[in-house]
Amino acid sequence: MTTVAPAGSRVIFERPELLIDRSTHYCPGCGHGVVHRLIAEVLGELGLGSRTIAVAPVGCAVFAYDYIGVDFVEAPHGRAPAVATGIRRVRPDAFVLTYQGDGDLAAIGTAEIVHAAGRGELLTAVFVNNGIYGMTGGQMAPTTLLGQRSTSSPGGREAAFHGYPIPMTEMLAIMPGVAYAARGSVVDAPAIGRTKQYLRRACEVQLEGRGFAIVEVISNCPVGWGMTPTESIERLRDVVAKQYRPGVIVDRTGEG
Ligand SMILES: Cc1ncc(C[n+]2csc(CCOP(=O)(O)OP(=O)(O)O)c2C)c(N)n1
Ligand code: SF4
């Protein structure tokens, strides 16, 4: 998009070209839209729009293909990394990106993400962790924090009964095929800026042929959490970010 600024002023923000000009179906305050914008910005800045084949999940982001202006394949039920692997093998020229929520990636799709990372597939994985199954009504996910209430843990998650939250990105980062793993957040503008840097680096890692790259983004689900958007952002900052700490988790790109 090209915006003509009035004389004496400058454009400080505009819709990225690869973010389709359309209202989303996301609830007010949901973090998915922010992550979509960052992906559209990064792919545009790296000139990857026409080369990208992205893979959409189940969950609230199932319609990501309606909002980000690149080619998409829909992969139900956690299979995005497997489908992306197939795309990588038949289209070595393509830039391949997956987008998954935590129910999709860390529950029903655990095997696919683990083995794609283990193989060091040349993929860029975006993992939006809102700690709950948003689309289906706020049930507990593997990432749900201890004490967190959900429609399937109404008294709060208890380790003895439900098990502990699974730190997927740290687990994946152990594997040598994972060239880069980072965790960002949508909590405020500085955090969103850092998340964009992580996403950009995760894309460059693929372009450099270094291996699997993943960026987890801790996000909010005001509806699933039973909160206002403002309360959900406060919880993201005061509770979630203390458990799932943002930052670079592993960077093997300097190892030769
Ligand atoms: C086999 C199977 N089980 C359950 C579902 C229902 N289902 C659709 S989306 C989803 C969870 C999505 O949660 P998440 O990946 O965290 O995404 P969010 O909606 O929170 O962004 C589930 C359980 C399904 N489609 N298929
Ligand atoms: S249910 Fe949660 S994750 Fe889904 S659109 Fe609404 S706020 Fe976003």
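What follows is calculated from the coordinates using simple rules that are stated; it is not laboratory data. None of the values given here were measured: they were computed from a predicted structure. Positions of Cβ are backbone-derived with ideal geometry, glycine not excepted, and every protein chain shown enters the neighbour counts.
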Original post:
Taking θ as phi - 60°, what are the ³J(HN,Hα) couplings along the stretch 92-101 by the Karplus curve (6.51, -1.76, 1.60), each to the nearest whole Hz, with x for Gly and Pro?
Top reply: x, 7, 7, 9, 10, 10, 10, 9, 9, x
Original post:
Regarding the stretch 151-242, what are the three Cα extents along the principal axes, ordered largest first, in Å?
Top reply: 47, 34, 19
Original post:
In Å, what Rg and Dmax follow from the Cα atoms of the stretch 137-182?
Top reply: 13.5, 39
**OP:** For the stretch 106-145, just say rounded, prolate or oblate: build the C-alpha gyration tensor, square-root its eigenvalues into a ≥ b ≥ c, call rounded for a/c under 1.5, and beyond that prolate if a/b exceeds b/c, oblate if not.
**Re:** prolate
Subject >> Cα-derived Rg over Rh, computed across the stretch 95-207 with Rh taken as Kirkwood radius >> reply: 1.00
Original post:
If you average the sequence gap of Cα pairs under 8 Å that are 6 or more apart and divide by the length of the chain, what percent do you get for the contact order?
Top reply: 18
Subject >> Distribution of pairwise C-alpha distances over the stretch 60-102, 5 Å bins, in % >> reply: 5, 21, 33, 25, 13, 3
Original post:
When DSSP beta bridges are limited to those with both residues in the stretch 32-251, what percentage is antiparallel, rounded to the nearest 5?
Top reply: 20
Subject >> Residue of ALA106, ALA94, ALA189 that the Gaussian network model of the chain assigns the largest fluctuation, springs spanning Cα pairs under 10 Å >> reply: ALA189
Original post:
If you count, for each residue, the other Cβ atoms within 10 Å and average over each peptide, how do 128-134, 43-49, 231-237 line up from highest to lowest?
Top reply: 128-134, 231-237, 43-49
Subject >> Span per principal axis, largest first, for the Cα atoms of the stretch 1-108 (Å) >> reply: 52, 35, 18
Original post:
Of all the C-alpha pairs in the stretch 199-240, what % are more than 12 Å from each other?
Top reply: 64
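Against the globular-protein guess of 2.2 N^0.38 Å, express the Cα radius of gyration of the stretch 32-251 as a ratio, rounded to two decimals. Let's see the in-between values first.
Values: Rg = 16.1 Å, N = 220, 2.2 N^0.38 = 17.1 Å.
Taking the Cα Rg and dividing by 2.2 N^0.38 Å, one obtains 0.94.
Tell me, what is the FRET efficiency for GLU170 and GLU14 to the nearest 0.05, using R0 = 30 angstrom and their Cβ-Cβ distance as r?
Values: r = 36 Å, r/R0 = 1.21.
Taking R0 as 30 Å, the efficiency between GLU170 and GLU14 is 0.25.
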Subject >> Most to least packed among 21-28, 98-105, 239-246 [average Cβ atoms within 10 Å] >> reply: 98-105, 239-246, 21-28
